[in-house]
Structures are given as C-alpha cells and as structure tokens.
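Structure first, then comments.
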Amino acid sequence: MLTHPTHDRLVTLGLTGMAKALDEQRKQPDIAALGFEERLALMVDREAIERENKKLVSRLKYANLRQSAVVEDADMKASRGLDKALFAKLVAGDWITRHQNLAIIGKTGLGKSWIACALGHKACRDDRSVLYHRLPRLFDALALARGDGRHARLLKTLSRVDLLILDDWGLVPVTLDQARDLLEIVDDRHGRGSTIVTTQLPIEHWHIADAILDRLVHNAHRLTLKGESMRKTAAKTAGLDGKQDA
C-alpha cells in the first residue's frame, strides 16, 4: 500500500534512480529472498549510476564534440602509423592530470579529429570538463566577443576546462589579434590544463610566435599519423571514385 507513495516521495526528493530501482524490484518475483540492506544497496547503486549518467550527458553536451567517437571503436588495424602504446597511454588519461598537451599531426582523412573527439569523450567519462572548438571558428567567436564585451569571459571559459580541443590548427595564417588571443589561451592554460591540437602541418612548420610554441609544445605528446586517407580507402571499398573525396 505504501509502495506508490514511497515512489512518489523518492521522485520528489530527486532520487529518480532509487525510484526506478524500487519499480524494478516490485516486478521481480524473487526479490523477497533478499534482505532489507541488500535491496537498499541495489537502490543506492542505481541512484549513483543514474546521477553519473546525468553528469556525463551534461559534460558531453557542454563539450560539444564534433564527432560521436569513443576510444573503444578506434581502428587499430588501419595503416596510418597510429602508435598503439602511446594511444593506450593517452586513453588512460594521466597526461591530463599532469596538465600535458597533445599534438595530433597528419594529412587530411587520417582521423585526427575523430581521435581528438574520442579522447575528449573518454575525458568526459573520467569526470573531466572538456571543450571542443575548430580553431578558425573560435577566432571568429573571439572577434565577435571582443566587440560586444564578452571577450574576457570567453577567454576565462577556455582557461578553466580540464581539456581544450583545438581542431584544424594552422589552416590559415593568423592575424595579430588572433595571435594575441592564442597567446592568452595557451598562457592561461599553461600548467593548469591540457590542450589537444590537430593539424596537417608538422610542428616545425607552425608559423606562430615562440612564446605560443614554447607553452604549447614543450610538454606535448605527439601522435603522428601517416598513410592514405581513410575516407578514400573507405570509398574504394564501397566501389566509389576516390577522387570524389575532398
């Protein structure tokens, strides 16, 4: 008789996981074989899982990752020179705890953005704050923010996350204002957070100020990818003309 009021009270208290567990227990004919503390423990475990899932959904929404990628789906057999030992180390995440950076380097189509997003997703699962930006669009957002008074606030947001992903680094030369913004970002994050950069350019060809390069690269892991575009390979497998791939 008290089951439904108890369920409603749990929901009112925000204990939706426990409420769901209570409903599930009611539907299990052999649940009476468990003692009170065992049943309560199952409800508490369900509540903890429910809360963690909600936090993860919130972190992923905030991260705004470009691709739905998870490290478990990484293609370790593709011929792109992926260092398996380094990738496993990056997945473990200790480098983020140490506030180290990562440069993912390689030609277009080798999965640089996918790997960055997969590592970002794993960081979210590890209860870390993550934020993804394509660098050209971030520069546009910073220029707009400078004009409407949000510039300092946006820079602060970029400085606070545990892992910042800057995709498509070095596609075009940076302006003086963009270089200043970039220096602000890497300087604020130096020793306080980790940054992933994806780029088609080898680091020695980055045309940026030494101050930016030093703060970003001196403690950075390098994941260098080589080989033919995976998109072209997939197109050939599907019987499509590889020339259609951009």
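Residues in segment 168-211 that are over 11 Å from residue 105 (Cβ atoms) and modelled with pLDDT under 90: 171, 172, 173, 174, 207, 208, 209, 210, 211. I need every pair where a residue in segment 48-63 that is more than 22 Å from residue 116 (Cα to Cα) and outside the structural domain of residue 127 (by TED's automatic domain parsing) has its Cβ under 9 Å from the Cβ of a residue that is surrounded by 15 or more Cβ atoms within 10 Å (Cβ to Cβ) and aliphatic (A, V, I, L, M), sequence separation at least 6 or different chains. Short answer, once both residue conditions are applied: 50/15; 50/18; 50/21.
Residues in segment 146-189 that are under 22 Å from residue 98 (Cβ atoms), in contact (Cβ under 8 Å) with a residue 40 or more places away in the chain and acidic (Asp, Glu): 162 only.
The residue of segment 146-200 that is surrounded by the most Cβ atoms within 10 Å (Cβ to Cβ), among those that are within 21 Å of residue 116 (Cβ to Cβ) and more than 21 Å from the chain's Cα centre (by Cα), is 181. Scanning segment 27-47 for residues that are out of contact with any Leu (no Cβ under 7 Å at 6 or more places or on another chain), part of a helix (DSSP H, G or I) and surrounded by 12 or more Cβ atoms within 10 Å (Cβ to Cβ) returns 31, 39, 40, 41, 42, 44, 45, 46.
Being in the same structural domain as residue 193 (by TED's automatic domain parsing), surrounded by fewer than 15 Cβ atoms within 10 Å (Cβ to Cβ) and either free of Cβ contacts under 8 Å to residues at least 24 places away in the same chain or in contact with a His (Cβ under 7 Å, 6 or more places away or on another chain) (or both) is the requirement here; does residue 143 meet it? So residue 143 fails the test. Residue 138 fulfils the conditions (1) over 15 Å from the mean Cα position of the chain (by Cα); (2) at pLDDT below 95 except for a single criterion, (2). Reported count of residues in segment 1-26, each being surrounded by 14 or more Cβ atoms within 10 Å (Cβ to Cβ) and assigned to a loop (DSSP other than H, G, I, E, B), is 1. Taking residue 172, is it more than 27 Å from residue 121 (Cα to Cα), assigned by TED's automatic domain parsing to the domain that holds residue 122 and of a type in the set (A, V, I, L, M)? Against the criterion (more than 27 Å from residue 121 (Cα to Cα), assigned by TED's automatic domain parsing to the domain that holds residue 122 and of a type in the set (A, V, I, L, M)), residue 172 qualifies.
Might you check whether a residue that is farther than 27 Å from residue 192 by Cα and of a type in the set (Gly, Ala, Ser) occurs anywhere in segment 55-67? Checked against the condition, which is being farther than 27 Å from residue 192 by Cα and of a type in the set (Gly, Ala, Ser), segment 55-67 yields no hits at all.
Here is a list: 82, 86. Which entry is of a type in the set (A, V, I, L, M, F, W, C), assigned to a helix (DSSP H, G or I) and either at negative phi or not assigned by TED's automatic domain parsing to the domain that holds residue 193 (or both)?
Just one listed residue meets the conditions, 86.
For segment 56-69, filtered to residues that are assigned to a helix (DSSP H, G or I) and surrounded by 12 or more Cβ atoms within 10 Å (Cβ to Cβ), the residue that is modelled with the lowest pLDDT is 56. Residues that are within 15 Å of the chain's Cα centre (by Cα) and touching a residue at least 40 places away in the same chain (Cβ under 8 Å) were ranked within segment 82-98; the one that is farthest from residue 218 (Cα to Cα) is 87.
The values are calculated or read from the model by the stated rules, or taken from the named source; none is laboratory data. Computed from a predicted structure; not experimentally measured. We place every Cβ from the backbone using ideal geometry, glycine too, and count neighbours over all the protein chains shown.
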